[in-house]
Structures are given as C-alpha cells and as structure tokens.
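These notes concern the structure reproduced below.
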Amino acid sequence: MFCGPDVAAAALLWENTRGMDRGSAELPVTPLGRSNSSIGTSWASSPAVRRNMQANRGRDTGPELQLRHLLHASGMRYKIHWPVPGDRRRRIDIAFTRRKVAVFVDGCFWHRCPTHYVAPQANATFWDTKIRGNVERDAMTTELLERNGWLVLRFWEHEEPGEAADDIRKALQERSV
Ligand SMILES: [Zn+2]
C-alpha cells in the first residue's frame, strides 16, 4: 500500500488542504485514516490511468482533492460527503446545498469509465457484478437527486480539474438566476 514518499506526499497535501473544507459536515479524523494511496499522484495525466488510482475507492481521492482545491481557491464554498436527500447512506462528493448542485468525481475503475475501464481477468464474474452494481447505484443516486430538484454533475477522475471547475462555476451561475 503505502511507501515512504507516498505517505509524506499525502501528509503534506493533507496539511495544505485541511483548512479548505471548514464548515463541512465531515472532516477526516486522521490524515491517513480516510485518505489513501492515490493522494499526491497526478490527475491521470498519462494515457493509462495509474493502477493505484484505479485501485482506489476512498473518498478523498487525489482528483477530488484537486478539484476541491480549485473550487475553494476561486471562492466557492461547499459541503463534502453530504448525505443524499432520501438516502443518507449515499454521499455527494461535493455539494452546493443552497443551489442544489451535486458534484461527483467518479473513479475510472470503480465507476467503469468508458475510456479506461479494463475488466479484471481474475474473478471476472465477481468484478463484473460488483462494478455493474456500482454503475447502477450511480444512476439511481443521480435519479434520486434530480427528483429532489438537484442538478447532478459527474466527472471522471481522468478529466482536467480546471475544466471540471469551469463547468461547475457555470452551472452555479445558471442556478443562481
Ligand atoms: Zn477514465
């Protein structure tokens, strides 16, 4: 899992970003307790998404942190890991609760990105069932939110965080008029 530099990078990144979600419903209890090994890695800048990024299912993933950092730096305030109205077991990655805009940063492996998903060869049936379940749950979560008047924006972890931030900014502007 962790090697030395990753731990150091994760801790550093966490230190740099820990103040930016103040006021959120939840904050990580420990720097590494809920973080994971993809923190500090690139935003899948290489053609192939890095294996450790694919293997990562945690909430505070590198791409999500980068996006949050950009949003916060441009003055946007949001809640993280906000319970989905009507199903509190599910969480919105980045929630603008007043304007009801829900942002998800979906991992390429766990949510079956059409560009990067590669089905594991070992235990193929298990993985197929599992990943298909994730995709169905994503769709149901989106539907539930939309029924409750939310706008749902889903981004892949491989997408440019700057472009994602621009899309979110535009959506918020449209929701405010
Ligand atoms: Zn992808």
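Quick note: the coordinates plus some simple rules give every number you see, no bench work behind them. Just so it is clear, the model here is predicted, and its values are computed rather than measured. Here Cβ is always computed from backbone atoms with ideal geometry, including for glycine, and neighbour counts include all displayed protein chains.
Put simply, the amide H of TRP82, placed in the peptide plane, has neighbours under 5 Å in ILE92, ALA95, leaving out anything fewer than 5 places away on its chain. 3J(HN,Hα) couplings calculated from phi for region 157-163 with the Karplus curve 6.51 cos²θ - 1.76 cosθ + 1.60 (θ = phi - 60°) are, in sequence order, 4, 7, 6, 4, x, x, 5 Hz; Gly and Pro show x. With R₀ set to 22 Å, the beta-carbon distance separating ASP128 from ARG90 gives a calculated FRET efficiency near 0.50. Across region 76-177, the mean sequence separation of Cα contacts (distance under 8 Å, 6 or more residues apart), normalised by length, yields a relative contact order of 29 percent. Taking amide H as placed 1.01 Å from N in the peptide plane, the amide H of ARG154 sits under 5 Å from that of PHE104, each at least 5 places away or on another chain.
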